[in-house]
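Quick notes on the structure that follows.
The values are calculated or read from the model by the stated rules, or taken from the named source; none is laboratory data. These figures come from a predicted structure and were not determined experimentally. All Cβ positions, even for glycine, are placed from backbone atoms using ideal geometry, and neighbour counts span all protein chains on display.
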Amino acid sequence: MFSIIQAAGWPIWPLLGCSVLALALIIERFISLRSSKIVPASLLSEVLSVTRTSVPPADVVNHLEQNSALGEVLASGLRALNSNPRCSEPELRSVMEGTGRLVAHRLERYLSALATIASAAPLMGLFGTVVGMIEIFGAQIPSGGATGGNPAQLAHGISVALYNTAFGLIVAIPSLIFWRYFRARVDGYLLNLELASERLVRQLVQLRA
(Lines give C-alpha, C1' and ligand atoms only; values in the text may rest on other atoms or scores of the structure.)
Protein backbone atom coordinates (compact mmCIF):
# COMPACT_ATOMS: atom_id res chain seq x y z
CA MET A 1 0.00 0.00 0.00
CA PHE A 2 2.78 2.43 0.88
CA SER A 3 4.48 1.69 -2.44
CA ILE A 4 1.27 2.68 -4.25
CA ILE A 5 1.11 5.93 -2.29
CA GLN A 6 4.73 6.63 -3.19
CA ALA A 7 4.04 5.90 -6.86
CA ALA A 8 0.97 8.18 -6.82
CA GLY A 9 3.00 11.13 -5.55
CA TRP A 10 1.98 14.01 -3.31
CA PRO A 11 -1.42 14.72 -5.00
CA ILE A 12 -2.83 11.55 -3.45
CA TRP A 13 -2.50 12.81 0.14
CA PRO A 14 -5.60 15.06 0.00
CA LEU A 15 -7.51 12.11 -1.45
CA LEU A 16 -6.36 9.92 1.42
CA GLY A 17 -7.62 12.55 3.85
CA CYS A 18 -10.98 12.63 2.06
CA SER A 19 -11.23 8.84 2.17
CA VAL A 20 -10.64 8.78 5.94
CA LEU A 21 -13.17 11.58 6.47
CA ALA A 22 -15.76 9.88 4.25
CA LEU A 23 -15.37 6.59 6.13
CA ALA A 24 -15.78 8.37 9.47
CA LEU A 25 -18.93 10.16 8.26
CA ILE A 26 -20.44 6.94 6.90
CA ILE A 27 -19.86 5.11 10.19
CA GLU A 28 -21.25 8.04 12.20
CA ARG A 29 -24.39 8.25 10.07
CA PHE A 30 -24.99 4.50 10.31
CA ILE A 31 -24.88 4.80 14.10
CA SER A 32 -26.96 7.99 14.32
CA LEU A 33 -29.65 7.01 11.80
CA ARG A 34 -30.72 3.76 13.41
CA SER A 35 -34.48 3.26 13.47
CA SER A 36 -34.47 2.74 17.22
CA LYS A 37 -33.08 6.25 17.71
CA ILE A 38 -35.37 7.98 15.22
CA VAL A 39 -38.74 6.22 14.91
CA PRO A 40 -39.12 3.32 17.39
CA ALA A 41 -41.68 0.86 16.09
CA SER A 42 -44.22 0.95 18.93
CA LEU A 43 -43.76 4.49 20.22
CA LEU A 44 -46.58 6.15 18.26
CA SER A 45 -49.13 3.54 19.28
CA GLU A 46 -48.07 3.91 22.93
CA VAL A 47 -48.41 7.70 22.80
CA LEU A 48 -51.82 7.47 21.14
CA SER A 49 -52.93 5.01 23.81
CA VAL A 50 -51.75 7.23 26.66
CA THR A 51 -53.34 10.38 25.20
CA ARG A 52 -56.67 8.76 24.39
CA THR A 53 -58.33 10.12 27.53
CA SER A 54 -56.04 12.93 28.73
CA VAL A 55 -52.79 14.76 28.14
CA PRO A 56 -49.97 13.13 30.16
CA PRO A 57 -48.17 15.15 32.87
CA ALA A 58 -44.88 16.99 32.39
CA ASP A 59 -42.63 14.18 33.72
CA VAL A 60 -44.07 11.71 31.21
CA VAL A 61 -43.63 14.25 28.41
CA ASN A 62 -40.01 14.86 29.42
CA HIS A 63 -39.33 11.12 29.35
CA LEU A 64 -40.95 10.89 25.92
CA GLU A 65 -38.77 13.72 24.62
CA GLN A 66 -35.60 11.83 25.57
CA ASN A 67 -36.79 8.64 23.88
CA SER A 68 -36.07 9.41 20.21
CA ALA A 69 -36.49 11.97 17.44
CA LEU A 70 -40.13 10.94 17.07
CA GLY A 71 -40.61 11.28 20.82
CA GLU A 72 -39.12 14.78 20.69
CA VAL A 73 -41.60 15.89 18.03
CA LEU A 74 -44.62 14.34 19.76
CA ALA A 75 -43.54 15.69 23.14
CA SER A 76 -43.43 19.24 21.78
CA GLY A 77 -47.16 19.05 20.98
CA LEU A 78 -48.03 17.59 24.38
CA ARG A 79 -45.92 20.22 26.14
CA ALA A 80 -47.71 22.97 24.22
CA LEU A 81 -51.06 21.68 25.48
CA ASN A 82 -49.77 21.34 29.04
CA SER A 83 -48.59 24.95 29.02
CA ASN A 84 -51.69 26.26 27.24
CA PRO A 85 -54.80 24.03 27.30
CA ARG A 86 -56.54 26.53 25.00
CA CYS A 87 -53.85 26.09 22.34
CA SER A 88 -55.51 26.12 18.91
CA GLU A 89 -54.96 23.48 16.27
CA PRO A 90 -52.87 25.80 14.01
CA GLU A 91 -50.69 26.74 17.00
CA LEU A 92 -50.26 23.09 17.90
CA ARG A 93 -49.24 22.23 14.36
CA SER A 94 -46.85 25.16 14.25
CA VAL A 95 -45.08 24.04 17.44
CA MET A 96 -44.66 20.48 16.20
CA GLU A 97 -43.52 21.63 12.75
CA GLY A 98 -40.89 23.84 14.37
CA THR A 99 -39.56 20.91 16.38
CA GLY A 100 -39.70 18.76 13.26
CA ARG A 101 -37.48 21.22 11.40
CA LEU A 102 -34.91 21.07 14.18
CA VAL A 103 -34.99 17.27 14.09
CA ALA A 104 -34.69 17.29 10.28
CA HIS A 105 -31.63 19.53 10.49
CA ARG A 106 -30.06 17.09 12.94
CA LEU A 107 -30.85 14.08 10.76
CA GLU A 108 -29.28 15.75 7.72
CA ARG A 109 -26.07 16.62 9.58
CA TYR A 110 -22.86 15.69 7.71
CA LEU A 111 -24.76 14.65 4.56
CA SER A 112 -23.65 17.80 2.76
CA ALA A 113 -20.04 17.04 3.72
CA LEU A 114 -20.37 13.53 2.29
CA ALA A 115 -21.88 14.92 -0.90
CA THR A 116 -19.02 17.42 -1.16
CA ILE A 117 -16.47 14.63 -0.91
CA ALA A 118 -18.32 12.66 -3.59
CA SER A 119 -18.19 15.70 -5.89
CA ALA A 120 -14.67 16.86 -5.07
CA ALA A 121 -12.83 13.52 -5.11
CA PRO A 122 -12.96 13.06 -8.93
CA LEU A 123 -11.73 16.64 -9.37
CA MET A 124 -8.88 16.01 -6.95
CA GLY A 125 -8.05 12.85 -8.89
CA LEU A 126 -8.13 14.88 -12.08
CA PHE A 127 -5.73 17.37 -10.53
CA GLY A 128 -3.35 14.50 -9.77
CA THR A 129 -3.73 13.35 -13.35
CA VAL A 130 -2.75 16.81 -14.60
CA VAL A 131 0.29 16.80 -12.32
CA GLY A 132 1.27 13.41 -13.74
CA MET A 133 0.83 14.64 -17.30
CA ILE A 134 3.06 17.62 -16.57
CA GLU A 135 5.75 15.23 -15.36
CA ILE A 136 5.30 13.10 -18.48
CA PHE A 137 5.77 16.07 -20.78
CA GLY A 138 8.70 17.23 -18.68
CA ALA A 139 10.32 13.84 -19.13
CA GLN A 140 10.23 14.28 -22.92
CA ILE A 141 12.36 17.44 -22.81
CA PRO A 142 16.07 16.56 -23.07
CA SER A 143 18.22 18.05 -20.34
CA GLY A 144 21.92 18.95 -20.59
CA GLY A 145 21.99 18.43 -24.31
CA ALA A 146 21.22 14.72 -23.95
CA THR A 147 19.10 13.05 -26.56
CA GLY A 148 15.77 11.56 -25.46
CA GLY A 149 13.85 12.00 -22.23
CA ASN A 150 14.13 10.66 -18.73
CA PRO A 151 12.55 7.16 -18.53
CA ALA A 152 12.30 7.22 -14.71
CA GLN A 153 10.52 10.56 -14.73
CA LEU A 154 8.25 9.36 -17.52
CA ALA A 155 7.28 6.25 -15.55
CA HIS A 156 6.66 8.29 -12.40
CA GLY A 157 4.46 10.74 -14.29
CA ILE A 158 2.36 7.88 -15.65
CA SER A 159 2.01 6.42 -12.15
CA VAL A 160 0.92 9.74 -10.71
CA ALA A 161 -1.67 10.25 -13.45
CA LEU A 162 -3.22 6.77 -13.30
CA TYR A 163 -3.15 6.22 -9.55
CA ASN A 164 -4.74 9.58 -8.77
CA THR A 165 -7.46 9.08 -11.35
CA ALA A 166 -8.28 5.64 -9.95
CA PHE A 167 -8.13 6.70 -6.32
CA GLY A 168 -10.35 9.71 -6.96
CA LEU A 169 -13.02 7.38 -8.35
CA ILE A 170 -12.52 4.89 -5.51
CA VAL A 171 -13.27 7.63 -3.01
CA ALA A 172 -16.08 9.30 -4.95
CA ILE A 173 -18.20 6.29 -5.92
CA PRO A 174 -18.81 4.86 -2.40
CA SER A 175 -19.30 8.39 -1.03
CA LEU A 176 -21.98 9.07 -3.64
CA ILE A 177 -23.68 5.72 -3.03
CA PHE A 178 -23.84 6.20 0.74
CA TRP A 179 -24.91 9.82 0.39
CA ARG A 180 -27.88 8.76 -1.72
CA TYR A 181 -28.65 5.92 0.71
CA PHE A 182 -28.60 8.19 3.75
CA ARG A 183 -30.56 10.88 1.89
CA ALA A 184 -33.32 8.40 1.10
CA ARG A 185 -33.26 7.10 4.66
CA VAL A 186 -33.63 10.59 6.12
CA ASP A 187 -36.48 11.38 3.71
CA GLY A 188 -38.26 8.23 4.86
CA TYR A 189 -37.81 9.16 8.51
CA LEU A 190 -39.11 12.67 7.91
CA LEU A 191 -42.20 11.28 6.21
CA ASN A 192 -42.83 8.98 9.19
CA LEU A 193 -42.41 11.90 11.59
CA GLU A 194 -44.87 14.00 9.62
CA LEU A 195 -47.50 11.26 9.49
CA ALA A 196 -47.10 10.46 13.19
CA SER A 197 -47.43 14.13 14.11
CA GLU A 198 -50.58 14.41 12.05
CA ARG A 199 -52.16 11.43 13.82
CA LEU A 200 -51.34 12.85 17.25
CA VAL A 201 -52.70 16.28 16.34
CA ARG A 202 -55.99 14.77 15.16
CA GLN A 203 -56.31 12.80 18.41
CA LEU A 204 -55.48 15.79 20.60
CA VAL A 205 -58.05 17.92 18.75
CA GLN A 206 -60.70 15.23 19.28
CA LEU A 207 -59.69 14.96 22.94
CA ARG A 208 -60.46 18.65 23.53
CA ALA A 209 -63.68 18.57 21.53
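Quick look at the numbers
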quantity	calculated
Residue within the stretch 98-114 that is of a type outside the set (A, V, I, L, M, F, W, C) and under 30 Å from Leu154 (Cβ atoms) present	no
Filtered residue count, the stretch 61-90, keeping only those that are within 11 Å of Val201 (Cβ to Cβ), charged (D, E, K, R) and at pLDDT 90 or above	0
Qualifying position, being touching a residue at least 40 places away in the same chain (Cβ under 8 Å), crowded, with 16+ Cβ neighbours inside 10 Å and closer than 30 Å to Ser159 by Cα, among Leu33, Leu15, Leu81	Leu15
Any hit, the stretch 21-38, residues being farther than 30 Å from Leu123 by Cβ and not in a helix (DSSP H, G or I)	yes
Residue that is surrounded by the most Cβ atoms within 10 Å (Cβ to Cβ), among those in the stretch 36-69 that are among the small types (Gly, Ala, Ser) and in contact (Cβ under 8 Å) with a residue 24 or more places away in the chain	Ala69
Residue match in the stretch 6-15 (condition: modelled with pLDDT of 90 or more, under 24 Å from Leu176 (Cβ atoms), of a type outside the set (Val, Ile, Thr) and in contact with a Pro (Cβ under 9 Å, 6 or more places away or on another chain))	no
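Yes/no per residue for (1) part of a helix (DSSP H, G or I); (2) at pLDDT 85 or above:
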residue: Gly148; (1), (2): no, no
residue: Gln153; (1), (2): yes, no
residue: His156; (1), (2): yes, no
residue: Val160; (1), (2): yes, no
residue: Ala166; (1), (2): yes, yes
residue: Ile173; (1), (2): yes, yes
residue: Leu195; (1), (2): yes, yes
residue: Leu207; (1), (2): yes, no
